[in-house]
2 protein chains.
Amino acid sequence: MVLLDGKYTAATIRAEIAERIAALVQSGRRAPRLGIVLVGHNPASETYVANKIKACNEVGITAEKIAFEDTVSEAELLARIDALNADPTMDGYIVQLPLPAHIDEGRISQAIDWRKDVDGLTPQNIGRTALGLPSLISATPRGIRELLARYGIQTAGKHVVVIGRSNIVGKPMAMLLMQRPYLSLPNMTASALGDATVTVCHSKTQNLRDICLSADIIIVAAGQPGLLTADMVRDGVVVVDVGINRIEDAAAARGYRLVGDVDFPSVAPKCSFISPVPGGVGPMTIVSLLQNTLQAYEHSR
Amino acid sequence: MVLLDGKYTAATIRAEIAERIAALVQSGRRAPRLGIVLVGHNPASETYVANKIKACNEVGITAEKIAFEDTVSEAELLARIDALNADPTMDGYIVQLPLPAHIDEGRISQAIDWRKDVDGLTPQNIGRTALGLPSLISATPRGIRELLARYGIQTAGKHVVVIGRSNIVGKPMAMLLMQRPYLSLPNMTASALGDATVTVCHSKTQNLRDICLSADIIIVAAGQPGLLTADMVRDGVVVVDVGINRIEDAAAARGYRLVGDVDFPSVAPKCSFISPVPGGVGPMTIVSLLQNTLQAYEHSR
């Protein structure tokens, strides 16, 4: 059993990105630039934004917080989105969610120019991903694709079961896996992935165990601790665990510990590869943001 | 075994649309208007366009051919697309494919305003369909959804196997089937469909027979006559055959006959429902165009 070490893989990719940006800057080009729109003072959001800015700075991406008080109107925010779309020096930007209740998140996200949508959440990018056109892919599916590729895991002809049908994980993941393989844009890692037979399962699925038993690769993104157990997988399966769940643990310093959707102790011994939680998919998602920002930068030239 | 009679169902829906448009016009509103862009004189395309115009006229949709010689430049065509996008009296339009080799079909289709994209082929509409947002759905998946709904076939919790991963059938069909059910826009038939466990198979799938044997519903869109045989289906299965293949037949008046992707004589006796070819999915696709045009018209008000 081999651990899909997201922490190590993410560090490797960050070093590659830093090297590439350093070379670009040395050749006289400006650094890629990312904007992070933050409305209000939600402490969790503040932390996420700070972490993203730190990760960007470490690889040489200029990242800046674009802050609004939570009294900002939807119209003001949309005006700023328009300005960001029009600014040729802003390669990409994200709008940190959640937004205050008086602002329609759908309207905001649909106003983002897909070429700058480095979170990969606009209908345009989702549609382009489905059609196999160059696109900015949302963080988790992109990170999983990269993780599988770095460990040399082939998907062609394999039966991949995706548990969860969310707009940001399950659906784009399924579309990436089922399509004819293609290479990423120039200068990005050539992480071909596709040609898989894909089954998407979810809360309404009636025979999850049987379906999982026929899988070569299982990607679990259900947000349900212990969902995947040893009796549901066959020997040699590849398991990617997207879940991040807090469960109470009196022995832990913070009173809880993080677990995935997989019953790791029982499932891991049967796997050829398995991603741990924490340290698996999680660290890959912030790397996806860096990759998307670099891709948007390259694309805008 | 019940035949999914697309010819009858399509006629029923056409009558409903005609009634609805007559009521709108009687209340003083203008009729919905569809443009059909045709480049050159491909005889098959001429026939398709004539049939679409006839179908529109029969239900009260004003349809007009917008014809170009095949010497038209891409820039001229794009300028006309822009004009169609801007014309508030043009509810929707389609660009008949194929286009001459000197014109980039992708560039043309990506220029179409998704709100007028009644073929449902733009990245925006594909993405909106994936995200569960109101969208114009491409003709074949929309027609299949309608056909299943009209026969009261439930998909929730069912295992649906889609064979084929094309951008116009397999992928959008899978997305419609897997998502949380939703109702169409106001005044359209409430054809909820979703909550299915969906497997997408294709030419690289290794164990097609086993997968099909676990299916409650099989939708075949592979373009391969006789692909689905009796040994691949269990009793009571629902089969939707999207294939339209010409095979030589000396006894037929034209020297060929049309068959689907299903070996109908052997499969049909095992089915609870099956769509024939011809007369199954085919007649539903042109009805989808009429429904999408009406939807675009309602939406633009």
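Read-outs: derived from the displayed coordinates by stated rules, not from any lab. Everything numeric in this text was worked out from a predicted model, so none of it was measured. Cβ placement follows ideal geometry from the backbone for every residue including glycine, while neighbour counts extend to all protein chains displayed.
Key figures for this structure:
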read-out	value
Candidates B:Asn245, B:Asn207, B:Asn42, ranked by Gaussian network fluctuation over chain B, Cα under 10 Å, top entry	B:Asn207
Estimated inter-spin distance, B:Ile244 and B:Lys7, nm [label 7 Å along Cα→Cβ]	1.4
Within a Gaussian network of chain A (alpha carbon springs, distance under 10 Å), most fluctuating of A:Asp261, A:Asp231, A:Asp249	A:Asp249
Amide proton proximity set for B:Asp91, modelled H, under 5 Å, gap of 5+	B:Arg33
Number of partner chain Cβ atoms within 10 Å, mean per residue of B:28-38	0
³J(HN,Hα) computed for each position of region B:64-71 - Karplus, 6.51 cos²θ - 1.76 cosθ + 1.60, integer Hz, glycine/proline x	9, 7, 10, 9, 10, 5, 6, 8
Surrounding net charge for A:Gly40, when Lys and Arg each add one and Asp and Glu each subtract one, Cβ distance under 12 Å	-3
Coarse-grained scattering of chain A at q = 0.08, 0.10, 0.15 Å⁻¹, given as base-10 log I(q)/I(0) from a Debye sum over alpha-carbon atoms	-0.36, -0.57, -1.23
Net charge over other residues, Cβ less than 13 angstrom from the Cβ of B:Leu258 (K, R count +1; D, E count -1)	-1
Cleavage-rule hits (trypsin sites (Lys or Arg not before Pro)) in region B:5-99: DSSP loop, at most 16 neighbouring Cβ within 10 angstrom	B:Arg29, B:Arg30
Expected 222 nm ellipticity per residue - DSSP helices of 4 or more, -39500 (n - 2.57), all of chain A, to 500	-12000 deg cm²/dmol
Other-chain or far-sequence residues with amide H under 5 Å of A:Asp249's (modelled H)	A:Tyr256, A:Arg257
Fraction of beta bridges assigned by DSSP in chain A that are antiparallel (%, nearest 5)	10
Size of the protein assembly as shown as Cα extents on the principal axes (Å, biggest first)	77, 54, 44
Radius 13 Å from Cβ of B:Ala10, net charge of other residues (Lys, Arg +1; Asp, Glu -1)	0
D_trans [Stokes-Einstein, Kirkwood Rh over alpha-carbon pairs] for region A:29-122, 20 °C, 1.002 mPa s, µm² s⁻¹	159
Distance between modelled label sites at B:Ala253 and A:Ala251, nm, 7 Å Cα→Cβ extension	8.1
Under-17-angstrom lysine pairs by C-alpha in chain A, whenever the two are 8 or more apart or on separate chains	7
Principal-axis tilt of helix B:139-150 within chain B, Cα atoms, nearest 10 degrees	60
